[in-house]
1. Would you check if there is a residue in region 306-327 being more than 30 Å from residue 242 (Cα to Cα), open to solvent by 40 Å² or more (accessible area, probe 1.4 Å) and either touching a residue at least 12 places away in the same chain (Cβ under 8 Å) or within 16 Å of the ligand (Cβ to nearest atom) (or both)?
2. Return the residues of region 16-35 that are more than 16 Å from the ligand (Cβ to nearest atom) and either part of a loop (DSSP other than H, G, I, E, B) or acidic (Asp, Glu) (or both); say none if nothing qualifies.
3. Considering only residues that are of a type in the set (A, V, I, L, M) and free of Cβ contacts under 8 Å to residues at least 24 places away in the same chain, which ones fall in region 178-221?
4. Filter region 140-158 down to the residues that are part of a strand (DSSP E or B) and either away from the ligand (no atom under 16 Å from the Cβ) or surrounded by fewer than 22 Cβ atoms within 10 Å (Cβ to Cβ) (or both) and list them by number.
5. So is residue 473 more than 16 Å from residue 13 (Cα to Cα), more than 23 Å from the chain's Cα centre (by Cα) and open to solvent by 20 Å² or more (accessible area, probe 1.4 Å) or not?
6. Is at least one residue of region 399-415 in a loop (DSSP other than H, G, I, E, B), in the same structural domain as residue 18 (by TED's automatic domain parsing), open to solvent by 20 Å² or more (accessible area, probe 1.4 Å) and in contact with a Ser or Thr (Cβ under 8 Å, 6 or more places away or on another chain)?
7. Quick check: anything in region 436-453 more than 16 Å from the ligand (Cβ to nearest atom) and among the hydrophobic types (A, V, I, L, M, F, W, C)?
8. Does residue 404 meet the test of being within 16 Å of the ligand (Cβ to nearest atom) and more than 30 Å from residue 206 (Cβ to Cβ)?
Amino acid sequence: MNEFPNGFLWGGATAANQCEGAWNIGGRGLTKADVITGGSKSEERKITYIDKDGNPGVLANKRSSIPKGATHAVLDGYYYPSHESVDFYHRYKEDIALLAEMGFKVFRLSISWTRIFPNGDEETANKEGLDFYHKVFEECKKYGIEPLVTLSHFDTPIYLEENYGGWNNRKLITLYERYAETCFKEYKGLVKYWITFNEINHPLMIAELFKENKSKDVYQSVYQQLHHKFVASARAVKKAHAIDIENTVGCMISGITFYPGTPDPDDILLNQYKWENIIYYCGDVQCRGEYPSFAKRLWDLHHVQLEITEQDKKDLKEGCVDIYTFSYYMSTIVTTHPNEDVVSGNYSSGVRNPYLTYSQWGWALDPKGLRYYIEKIYDRYKIPLMITENGLGAMDHVEADGSIHDTYRIDYLREHIKEIKVAINHGADVIGYTSWGCIDLISSSTGEMSKRYGFIYVDRDNQGRGTLNRSRKDSFYWYQKVIQSNGSNLL
Ligand code: BG6
């Protein structure tokens, strides 16, 4: 097969907190991204707050939570990239028209939870928020583009974090369920592809990366929070199916391919555990409806006493996802042997692979790792797969005539798409591909604008300066041909 299967869903992906902006418009409530500053590869993003005595405070994001009694706050003198982002909120018509010009079949975007429920626990939804997404989905429909909607892309309402203890609190399950149900009912007929939580395994990656700082309580909380999200997701899946038989719901896993560093059996075992700890733990629960046997090893290791009710077990069983969606950017090496040459990227860290090259941000470029991941996962779950994030974060140079020759991005995407084709030819059922950041947007890990993924360039810099004008990169025309030929022309 040279072409992709008929009806293959070609497209691109974004997330509300990284592209919408309009952070305080339309009745929207605060979310974590609104209080996270810009950063860079070498400077970690910061989270800002006011402590219980009224003093402003700043903390490295991702490493620990703000002090007890403090409230998240937007402080003077800091730059918060998400506040305006690339202003998709006001420019969605122009952006969707450009996606249509490329021939998109699907557009992955997320709903900002706090546009719909500003605090997260209201009885009724915010009409202005609902209306905004109505207009966006209608616009997609106008061009025959299927929206693929993530309900939660790293943006739990801050009110719920502060007043309920976030996902530690079981009540969030019903609050999320209400939010999901509202969206399913509201957008019935406009949206049929859904993702419940973006990269649900992300907290496991963070816990592993910063494990030196983690106490027993932290692990207890990480696993209990995840459990609540699993149940929330399962209940949402059930609701989605009950509301519209057409609804197709996916999990979304941050997919990294792990390789053992040596044939030493200790490395082989460590690598197996890495797959279990980071990749399979969430996928197994969401695709199979129950915890895998190896969960016991993890809970024992971290002294976790999980609170699971009989109803939870029933919900998990009845709320399995229809498709497995995942992001894939890179692979990494796992070893028990000392090695100084360590590279970090995408919230993981491992020994440098001498057979691969690395991006400007240290992410391993490994298209074959994507084939490996697809074949392994399809064999495990046997449900349709979709790559809902993949791409190269790179700096672009705008020529004097405004053109952008991003051959490096075309090369990266071409090699990955080739490997998807091989995996399909080997028997995997892959139904779609949405490359990440089809329109340039704010980097999630570094808060930079200069780490660009898009086919569409946005005139904006790391300090928030620029016209926000859009222009087409070389990759725009290349991807247009890929879609037109249904993947047979990758040149
Ligand atoms: C994924 C996230 O982890 O990777 C996206 O779902 C994120 O939100 C993407 O933007 C790329 O990472 P980064 O840090 O380069 O923006």
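1. No, region 306-327 has no match at all.
2. Across region 16-35, the qualifying residues are 22, 23, 24, 25, 26, 27, 28, 29, 30.
3. Of everything in region 178-221, those that are of a type in the set (A, V, I, L, M) and free of Cβ contacts under 8 Å to residues at least 24 places away in the same chain turn out to be 207, 218.
4. 146, 147, 157
5. No.
6. Yes, some residue in region 399-415 is in a loop (DSSP other than H, G, I, E, B), in the same structural domain as residue 18 (by TED's automatic domain parsing), open to solvent by 20 Å² or more (accessible area, probe 1.4 Å) and in contact with a Ser or Thr (Cβ under 8 Å, 6 or more places away or on another chain).
7. Checked against the condition, which is being more than 16 Å from the ligand (Cβ to nearest atom) and among the hydrophobic types (A, V, I, L, M, F, W, C), region 436-453 yields no hits at all.
8. So residue 404 fails the test.
The values are calculated or read from the model by the stated rules, or taken from the named source; none is laboratory data. Since we're looking at a predicted model, the values are computed, not measured. Heads up, the Cβs are rebuilt from the backbone with ideal geometry, glycines too, and the neighbour counts pull from every protein chain shown. Note: accessible area is taken over every heavy atom of the protein model, side chains too, but ligands, DNA and RNA are not part of it. Shrake-Rupley method; radii C 1.70, N 1.55, O 1.52, S 1.80 Å.
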